[in-house]
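Quick notes on the structure that follows.
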Amino acid sequence: MNSDPAQIMYRDAFVLATVLGACADLLALNCGKQVHARVFVDGLGLELDRVLCSSLINMYGKCGDLDGAARVISSVREVDEFSLSALIFGYANAGRMREARRVFDIKVDPCVVLWNSIISGYVSNGEGMEAVNLFSAMLRNGVRGDVSTVANILSAGSGLLVVELVRQMHAYGFKAGATHDIVVASALLDAYSKCRSPCEACKLFSELKAYDTILLNTMITVYSNCGRIEDAKWIFNTMPSKTLISWNSILVGLTQNACPSEALDVFCQMNKLDLKMDKFSFASVISACASKSSLELGEQVFGKAIAIGLDSDQIISTSLVDFYCKCGFVKIGRKVFDGMVKSDEVSWNTMLMGYAANGYGVEALTVFSEMGCCGVKPSAITFTGVLSACDHCGLVEEGRNLFHTMKHDYNISPGIEHYSCMVDLFARAGCFEEAMDLMEEMPFQADANMWLSVLRGCIAHGNKIIGKTAAEQIIRLDPEHAGAYIQLSNILASSGDWEGSALVRELMRDKHVQKIPGCSWADC
């Protein structure tokens, strides 16, 4: 056996560094301090090698004892970049980016490892723009980024929802030969998906030659989000190994794409395989039960969630509020809502939308007011819900005021869904001039559904002139819409233009447009 003191010291340092790594992963600070003490007992503390030094700093940083990490730094004569990187990580992990930046700025000519540490710190603390600025500074300093750099900036791009930045990083990664790295490929797919560019994500996926479970999970979500549920199912069914995230991803995808029965089948498979389910599994299945208005099944699923101690979880409680409202039991939904810890606007939006969908306009407005009193800032989704409530209940003045508040008090630019609610509200109330003015001034082209709202309002209020215009616009935008032909024919006939009415019917026959017969269903 080798008895060279230098070799023994190296071997002991390696063992202690490994143990410190385990302490860091387990957040075992006291055990880490004991190992640190052993470093001095073994005489290794007089001149820490860089591996042991960075291991100590990493352990203290991950365990939250940043003063301890700083003391290790101050005890060595020359600090290497790996040790500084570990300290930056520790400060970033604690949200102390000012101190992390101060450590980074100590080094005159930082290497890529240090750049990656500080960039990653800003990304993880939600300061994506600062991370991008640092990346630009890094390139100006002549430092070439690696796989970690690309992945970090892609995370920043997805957080900022700037698809152009994602495209630029895609090009940069391609030139650097990093796009076939699975970590970078997964980050790219995730970034394109979050920036609502699923076509680019799908194109990238088709070009890849290697996959792992994380990447395939991302693609299940991408395909689900762009309506390609069959492709998502194919990936799930052909995956060599599945994690809980895989199962949850397909559950969410099936629920989102109006396949609640298949989502319930997947849940049954999970049950048979005795997979350990989490809050996301149960929330997705409860949403599937809500889509089917299956009260009994939904309550059975919630019973299983109670059995494993997830009944008070906010995500599950929010799904339960949505479930009861969609099943028509709004009072029970409100009872669940009142018993929740409401930390963000999601639960408030769910209750508000529940009231709106069931025609409780005044109650929806009350929830909106309560939300403001509790200091929760409304989002664009909140305004979709509250404007929808005004629309269903004919609250014209309230809707008009809320639309103004949304733009001028909260600086939220209305989307097409907000304009659709307002147009429908005005049309139902017979305020056709306001409806037409709003459609004229909005930054979108009015779609067939918006014109259909106007047409329905015209039929209800007997406005044949605007009704004729609305029907013609619907036929132009959606030539297969049978209802528009029929209503246009009726308007012309009631105005005495029998020839025009007959021509519309003839056009309908020539284009083989047929009225879809009505149907109804019930869960028996």
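Data table
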item: Peptide ranges 190-201, 429-440 listed from the most packed, as the mean C-beta count within 10 angstrom indicates; result: 190-201, 429-440
item: Sum of side-chain charges, ILE315 neighbourhood, beta-carbon under 10 Å (Lys, Arg +1; Asp, Glu -1); result: -1
item: Contact order relative to length of the chain, as percent, for alpha carbon pairs under 8 angstrom and 6 or more apart; result: 5
item: Virtual spin-label span in nm between LYS335 and PHE40, 7 Å along Cα→Cβ; result: 6.2
item: Cα-based equivalent ellipsoid of the stretch 85-160: semi-axis lengths in Å, sorted from largest, via gyration tensor; result: 16, 16, 10
item: Peptide ranges 290-298, 87-95 listed from the most packed, as the mean C-beta count within 10 angstrom indicates; result: 87-95, 290-298
item: Centre separation in Å (Cα based) which lies between the stretch 31-109 and the stretch 407-486; result: 64
item: Stretchable slack from ALA176 to GLU345, in nm (0.36 nm times residue separation minus alpha-carbon distance); result: 56.7 nm
item: Value at 222 nm in deg cm²/dmol, rounded to 500, when DSSP H runs of n ≥ 4 in the chain each add -39,500 (n - 2.57); result: -23000 deg cm²/dmol
item: Per-residue Cβ neighbour rank within 10 angstrom, fewest leading, LEU244, LEU352; result: LEU244, LEU352
item: 20 Å cut-off, amide nitrogen to a point 7 angstrom out along ARG50 Cα→Cβ, residues in the stretch 94-122; result: 103-119
item: Normalised contact order of the stretch 343-403, rounded percent, pairs of Cα under 8 Å and 6 or more residues apart; result: 39
item: Sorted by Cβ density within 10 Å, fewest first, the residues SER74, SER186; result: SER74, SER186
item: At 0.890 mPa s and 25 °C, Stokes D of the stretch 202-246 from Kirkwood alpha-carbon radius, µm² per second; result: 232
item: ASP437-TYR410 pseudo-label distance in nm [points 7 Å out on the Cα-to-Cβ vector]; result: 2.4
item: Two-decimal log10 I(q)/I(0) for the stretch 364-436, as the Debye equation yields it once each C-alpha is a single scatterer, q = 0.16, 0.27 Å⁻¹; result: -0.51, -1.32
item: Angle between the chain longest axis and helix 244-256 axis [Cα atoms, degrees, rounded to 10]; result: 10
item: Listed residue (GLY430, PHE205, LEU160) projecting farthest to the positive dipole end of the chain, Cβ model; result: PHE205
item: Cα-based convex hull, the chain, per residue volume (Å³, whole number); result: 223
item: Low-density loop cleavage sites - GluC sites (Glu not before Pro) in the stretch 48-101, where at most 14 other Cβ are within 10 Å (DSSP); result: GLU78
item: Over the stretch 59-104 - Rg/Rh using Cα atoms and the Kirkwood inverse-distance radius; result: 0.93
item: Cβ crowding within 10 Å averaged over residues, with 125-134, 32-41, 111-120 ranked highest first; result: 111-120, 125-134, 32-41
item: Per-pair calculated FRET efficiency, R0 = 45 Å: ARG505 and LYS276 via Cβ, rounded to 0.05; result: 0.15
item: Contact order relative to length of the stretch 135-224, as percent, for alpha carbon pairs under 8 angstrom and 6 or more apart; result: 27
item: Tail fraction, Cα-Cα pairs, the stretch 348-475, threshold 21 Å, whole percent; result: 38
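Read the figures in this text as sums done on the coordinates, not as results from a lab. For clarity, every value in this text was computed on a predicted model and none was experimentally measured. Cβ coordinates were reconstructed from backbone atoms using ideal geometry, including for glycine residues, and neighbour counts include every protein chain displayed.
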